[in-house]
Amino acid sequence: QVQLVESGGGLVQAGDSLRLSCAASGRYSMGWFRQAPGKEREFVGAISWTAIRIYYAESVKGRFTISRDTAKNTVYLQMNSLKPEDTAVYYCAAGSYSSLPHEYSYWGQGTQVTVSS
């Protein structure tokens, strides 16, 4: 089974940047999702295993960038120009190139991102 380990969350001010990392135990297409208190899990972006195909939710397009190191089976989420509404627990997921959570087979434990105004 795929094991995912996320890191890089923290508390920052609006306009700051963070980079999240997700170390995987295999070679898979990956997605990033987030979930704020009282809200449903929301798609952030996805990347194919080869990194040839990448797409983002409209809410983060132009601010967030997904990349990967295929040799290390690690995916990154670079978050710039952070806004308070970006506050959420961020999850990486493996096994699909999709915006739909149910199409992913494996999930990380999540890492908290808090953006103050």
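Any residue at all in segment 44-54 that is among the basic types (Lys, Arg) and more than 14 Å from the chain's Cα centre (by Cα)? If you could, list the steps in order and put the result at the bottom.
Step one: list which residues in segment 44-54 are among the basic types (Lys, Arg), which gives 53.
Now restrict to residues that are more than 14 Å from the chain's Cα centre (by Cα): 53.
Yes, that holds for at least one residue.
Summed over segment 73-117, residues that are among the aliphatic types (A, V, I, L, M), farther than 19 Å from Gly62 by Cα and over 12 Å from the mean Cα position of the chain (by Cα) total 1. Residues that are part of a strand (DSSP E or B), among the charged types (D, E, K, R), touching a residue at least 12 places away in the same chain (Cβ under 8 Å) and open to solvent by less than 80 Å² (accessible area, probe 1.4 Å) within segment 12-71 comprise Arg34, Glu42, Arg68, listed in sequence order. Summed over segment 95-117, the residues that are of a type in the set (Val, Ile, Thr) and surrounded by fewer than 18 Cβ atoms within 10 Å (Cβ to Cβ) give a count of 1.
Only residues that are of a type in the set (D, E, K, R) and farther than 20 Å from Ser17 by Cα were counted in segment 70-98, giving 1. For Cys92, the conditions (1) open to solvent by 40 Å² or more (accessible area, probe 1.4 Å); (2) hydrophobic (A, V, I, L, M, F, W, C); (3) in contact (Cβ under 8 Å) with a residue 24 or more places away in the chain are fulfilled apart from (1). With respect to the conditions (1) more than 24 Å from Arg27 (Cβ to Cβ); (2) among the small types (Gly, Ala, Ser); (3) at pLDDT below 95, Ser116 falls short on a single one, namely (3). In the set Tyr97, Tyr76, only one residue is in a loop (DSSP other than H, G, I, E, B), under 15 Å from Ile47 (Cα atoms) and aromatic (Phe, Trp, Tyr); that residue is Tyr97.
The values are calculated or read from the model by the stated rules, or taken from the named source; none is laboratory data. Computed from a prediction, not measured in an experiment: that's the story for all the values here. Here the Cβ is made from the backbone with ideal geometry for all residues, glycine too, and neighbour counts use every protein chain on show. Note: accessible area is taken over every heavy atom of the protein model, side chains too, but ligands, DNA and RNA are not part of it. Shrake-Rupley method; radii C 1.70, N 1.55, O 1.52, S 1.80 Å.
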